[in-house]
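Everything on this sheet refers to the single structure shown next.
The values are calculated or read from the model by the stated rules, or taken from the named source; none is laboratory data. As the structure is a prediction and not an experimental result, all values here were calculated from the model. Virtual Cβ from ideal backbone geometry, glycine too; neighbours counted across all protein chains shown. Just the protein is used for accessible areas: all its heavy atoms, side chains included, with ligands, DNA and RNA removed. Shrake-Rupley method; radii C 1.70, N 1.55, O 1.52, S 1.80 Å.
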Amino acid sequence: MSDKAEIRGPVTRRRRTTISGGGGGTVGVKQANGSKREDAGEKPPPYPAKAKTDEVSRHGSNNGKVGREKGVSDSPRKQRSVVEDINERLSCHVLQESLLSSASGYSNYRGILNWCVVMLVLSNARLFLENIIKYGILVDPIQVVSLFLKDPYSWPAACLIIVSNVFVLAALYTERRLAVGTISETTGLILHIFNLTSLLIFPSASVLTVDSITPVGGVLSLGVYTVLFLKLYSYQDTNRWCREIRHAKAKKLTRSYSCPNVAQSNGSAVHSHVSYPGNLTHRDVYYFVFAPTLCYQLNFPRSPRIRKSFLIRRLFEMLFFMQLLVGLIQQWMVPTIQNSMKPFREMDFSRMVERLLKLAVPNHLIWLIFFYWFFHSSMNFVAELLQFGDREFYRDWWNSETVTYFWANWNIPVHKWCLRHFYKPMLRKGINKFLAQTAVFLVSAFFHEYLVSVPLKMFRLWAFMGMMAQVPLAWFVGRFLNGNYGNAAVWISLIIGQPVAVLMYVHDYYVIHYGGAT
């Protein structure tokens, strides 16, 4: 009985004494568990001390004690679990939206996206197989050479591109004369206008008069001259702003407000910060000519080193996608366009629409591959080679919900040029935004038509009208379509609009050159 009394005492009075002997271990566990329950804020179990003593004597071990306490604590939990189970059976509905509803907030559609990709691959694989069965293998790399050269000993397009250095040097020497004050601002402006105008007239006149220049060679050479025109326009504009700052600060040379250079870590010399007119050198102007940008500044942001692995990956992508583009055009585009001529001659509208939709798929796929090849692979390759730091050549144009957002984000170099040298100067002169945007589209439409009509040596204005049609389309989409509907409208305009222009030009070119033979 004395043992029982010793065991009962700590439970009722909750002493913190330790009892030695055979039952001491049990009491020690009991006290520890009791103190833990008190600290946790739980009430002690409502069982008398004698029952606990009998339980200890019955089991005579710590395991029996722990098992009893677990059974005591588990009984309320079992009761709660039974109640929760009954409640779950009584009510099975809650307030919620369907997953495909916009109000649900659900956004994980990765499975649907994967399904679309699989369906797209399967459908295009069928078209590829049908094309090969019907036409055979049409890919011929040797034939591509004839698109650039009629005479293997005559390279007129390449010679035309080499001559463009004359206009670069003319702009540089004019700026040097303006910097030292040997010619007036008015004279310098006239010289620049003459130089820029010649940049557009001289190559177009050469393409129209020299018969040995092929349409592809003409597009390539005129593209180089167009880029050079935009670069030299920015070159003279930026240097004029530097002279205005110098005159405003009493002929004190000022530093450029461009991004600071980053010290190189590949062993070459650190790029020095250049101030006007120290930038008027051959090295500076030719760096700008080859840099993947259209906007000039005295100090470009520079990357610290050339990443060789990155450079090799971009080079591999350039070569691979170039071959893929040529193969897709020869195997897929050319037969479809040739089969589209008969419906156009006979004005069979149902067949014309069918040909148009059939051409839309390969044309759009080729356009997407060209975008990646040019704006990601090629421009990043050139930028890495020149350590050009600004690599924002495009933004998320694929998420465009308006037409204006697409044109502002799919070609960032052109957008920056238009914003810096055309759109904002017009706003500063008091012209409203709508007229300024229309003027930007007008200039873009001119260059699109210039790059197509002159090499083909025919003037149909399809590209010009297609670009100007973007103005009412942008107004309609921005006013009446929002969100996914606006994005779908942008994609439809890209998928359908380009094949229409391609078919119109090919049809007119076919009629002019081969209409009499058929």
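With a sphere of radius 12 Å drawn around the Cβ of Lys308, what net charge do the other residues whose Cβ falls strictly inside it have (Lys, Arg +1; Asp, Glu -1)? Cβ neighbours under 12 Å give a net charge of +3.
Please tell me which of these pairs span more than 32 angstrom C-alpha to C-alpha: Lys342/Lys457; Lys308/Lys424; Lys358/Lys457; Lys231/Lys457; Lys433/Lys457; Lys249/Lys424? Too far apart for the 32 Å limit: Lys308/Lys424; Lys433/Lys457. Other residues with beta-carbon under 15 Å from the beta-carbon of Leu494 carry, at +1 per Lys or Arg and -1 per Asp or Glu, a net charge of -2.
One chain, two ends: Lys358 and Cys92. Fully extended at 0.36 nm per residue, the span grows by 90.7 nm beyond their Cα-Cα distance. Packing here is the average count of other Cβ atoms within 10 Å per residue, and on that basis the peptides 489-497, 391-399, highest first, run 489-497, 391-399. Sparsely packed loop sites in segment 400-434 (the trypsin sites (Lys or Arg not before Pro) outside DSSP H, G, I, E and B with at most 14 other Cβ atoms within 10 Å) comprise Lys429.
Of the peptides 478-487, 187-196, 291-300, the ranking by mean beta-carbon count within 10 Å, highest at the top, reads 291-300, 187-196, 478-487.
Close amide H contacts of Phe388 (hydrogens built in the peptide plane, cut-off under 5 Å, sequence separation of 5 or more or a different chain): Ser303.
When each of the peptides 313-320, 382-389 is scored by the mean number of other C-beta atoms lying within 10 Å of its residues, the order from highest to lowest reads 382-389, 313-320. Note on Val403: accessible area approximately 10 square angstrom, rounded to 10, probe 1.4 Å, nucleic acids and ligands left out. Net length available on complete extension from Met426 to Val511 is 26.4 nm, with 0.36 nm assigned per residue and the Cα-Cα distance removed. Taking θ as phi - 60° and the Karplus parameters 6.51, -1.76 and 1.60, the scalar couplings of segment 92-100 work out to 10, 10, 9, 6, 7, 9, 5, 5, 7 Hz in sequence order, x denoting glycine and proline.
Charged neighbours of Ser377, selected by a Cβ distance under 15 Å, balance to +2 (K, R count +1; D, E count -1).
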